[in-house]
Structures are given as C-alpha cells and as structure tokens.
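The values are calculated or read from the model by the stated rules, or taken from the named source; none is laboratory data. Remember, it's a predicted structure, so these values are computed and weren't measured experimentally. Here the Cβ is made from the backbone with ideal geometry for all residues, glycine too, and neighbour counts use every protein chain on show.
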Amino acid sequence: QKFEEQSQKINQFLKQVDHKIVVMSGKGGVGKSTVATNLAVFLSSQGYQVGLLDVDVHGPSIAGLLGLTGLKLNAIGEQIQPYLYSDHLKVVTIQGLLENPDDPLIWRGPVKIGIIRQFLSDVNWGPLDFLIIDSPPGTGDEPLTVAQTVTGCQAVIVTTPQEIALADVRKSIQFCQKVNMPVLGLIENMSGFVCPACGSRHEIFKSGGGEKTASDWNIPFLGRLPIDPGVVTAGDAGQAINSLTSHTKEEMQHIVDQMLQ
Ligand code: ADP
C-alpha cells in the first residue's frame, strides 16, 4: 500500500520532468560525478530548470564539487527542500542527511533503495527540464533502482580513454541493455589537454577509445571533455562555469547539442 502510494508520487513528479538522465561509469575515478555536476551547471546556465540528484550513497561527491559540504537538507512538513544552488539548479545529495559529512554509510540494499525512492517522491523539485542523477560506479543497487524506478530514464556513460576503463564501460552498456534503459550516449572524459597558452592539444592518456567503443556497440558518442583544472573548482553559481576554459565550454555545448538531438 505504502509502496504503491509512493510509486504514484514518483510518477507524478516524473511526469513534470522532460529529460531524465542517469550518469554512470564502469569504474570509479573516471570523472563521472565531475561530468554530472558540470553538465547540470552548464544546462542551468543556459536557462534550463535542472535538478541534480546524488544517489552515490557510499561516496557522494557532488556537495563537495559545488561547495555545499556540511549543509543539511531541510524539510517542510513531509517535503524535503532541495538546495537552491541557483535560480535554475536544485541539488539533493545524500550528504545532506548525514550528521557529519565524514560519516561512513553502512546501509544494505533495501535501505538504499528506500532513500533513493524518497528522493524522487518527497523532494520539492517542481517541474524540471532536466533531472541529472549521479549514480555510483558499476552496476549495483543504485543504478538498478534508478533504472527500475525512473520511467523514461536514459543513461549517459562516462569513461576515460584507457583500455582498462573501456573494458568496464562494456559492462555498463550490457547492464543498460538488460534493464531496458536506453543509452543516450558515451562521454570520453580526461580526453587530452589543450594548452591554454598555445592552444595545442596534448594526448595525455591517448584519446579516441571512447568513440571507438561507442561505434562498436552502436551507441551515440556525445563528445570528449579535456583535462581541465577548471572543472574541479567548487564555487558559487557564477564561478563554476567561468572557471572552465573556453575549449571545455565549447565541448560542453557540443555534448548538450548531441544529447538534445
Ligand atoms: P568518479 O565520479 O568517476 O569517481 P570524480 O568525478 O570524483 O570521478 O573525478 C575523479 C578525480 O578526477 C577528481 O579528483 C576530479 O577532480 C578529477 N577530474 C575529473 N574530470 C576531470 C577533468 N576533465 N579534468 C581534470 N580533472 C578531472
């Protein structure tokens, strides 16, 4: 009964969201959270209404990336209020529920599933153009819950160019196929470095592996983001976008255009 009621609330919310996107990766450390955060900030800077939800229960990093560490989520009645990062960006992260941001979370599957569902049913998101969900690496409870709960959700898979990361991407693609979640496309992160002084491109970890994997698996290649210290600058709403190099901003725009095609 309660589960059904909650499912109804979740579906009511999802009806008001145009694009539902879960950002996944095969392995940790490829920049999944960084890409999810930058994508959300970029879209919101273009005037879209964006919700950013961190369901990485064991290693939430979005609060840190946006300079929200230590902030608690507030509730009004039964509704959880998201952080208002800007007029156009609402953020909810599991860190907002912790007494101390460094507390480890020792939660089993059913508890995690319950929390993720609650972030979809009880948060005062309002209507959104984009809901961007940052899920932990791999194919565990969290992406599974998202795939099964968020009707109409599409996956963006983040990888780095190295073969070891690409091997894990293939698992993510197969996971999406198994749970019938369409893959919106693949992003190759840390793809080369463009020297801000001379503008020339240096391939630090090689590049092009993401594009090849995407074509091998017949999924769209959305684009590549370079190594850019600006993407890791936590800051206020205005700062975050300004700290990207113009090259990264162009690539971001290209990725968004591809996503909206
Ligand atoms: P994941 O979510 O895949 O575990 P993170 O987003 O936490 O990875 O990124 C891992 C590390 O790499 C972080 O220290 C982050 O600041 C850095 N990083 C990610 N993407 C880039 C990039 N394009 N340029 C420079 N540093 C990056």
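A few remarks follow.
- Contact map, segment 62-77: residues that are more than 14 Å from Asp134 (Cα to Cα) paired with residues that are among the charged types (D, E, K, R), Cβ distance under 8 Å, separation 6+ or inter-chain. Pairs shown: Gly67/Asp236.
- Pairing residues of segment 149-160 that are touching a residue at least 60 places away in the same chain (Cβ under 8 Å) with residues that are among the hydroxyl-bearing types (Ser, Thr, Tyr) and within 16 Å of the ligand (Cβ to nearest atom), at Cβ distances under 7 Å and at least 6 apart in sequence or on separate chains, gives Ile157/Ser25; Ile157/Ser172; Val158/Ser25; Thr159/Ser25.
- Lone qualifier among Val22, Val35 - being in contact with a strand residue (DSSP E or B) (Cβ under 6 Å, 6 or more places away or on another chain), within 15 Å of the ligand (Cβ to nearest atom) and at pLDDT 95 or above: Val22
- Test: residue in segment 130-149 that is within 15 Å of the ligand (Cβ to nearest atom), of a type in the set (Ser, Thr, Tyr) and out of contact with any strand residue (DSSP E or B) (no Cβ under 7 Å at 6 or more places or on another chain): yes
Residue-by-condition table, conditions (1) surrounded by fewer than 15 Cβ atoms within 10 Å (Cβ to Cβ); (2) at pLDDT 90 or above; (3) assigned to a loop (DSSP other than H, G, I, E, B):
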| residue | (1), (2), (3) |
| --- | --- |
| Gly96 | no, no, no |
| Pro104 | yes, no, yes |
| Val111 | yes, no, no |
| Phe119 | no, yes, no |
| Gly126 | yes, yes, yes |
| Phe130 | no, yes, no |
| Ile133 | no, yes, no |
| Gly138 | no, no, yes |
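- Test: residue in segment 1-17 that is within 16 Å of the chain's Cα centre (by Cα) and either assigned to a strand (DSSP E or B) or over 24 Å from Gly230 (Cα atoms) (or both): yes
- Counted residues, segment 38-92 - those being within 16 Å of the ligand (Cβ to nearest atom) and in a loop (DSSP other than H, G, I, E, B): 11
- Residues in segment 163-181 that are part of a loop (DSSP other than H, G, I, E, B) and surrounded by 13 or more Cβ atoms within 10 Å (Cβ to Cβ): Val179, Met181.
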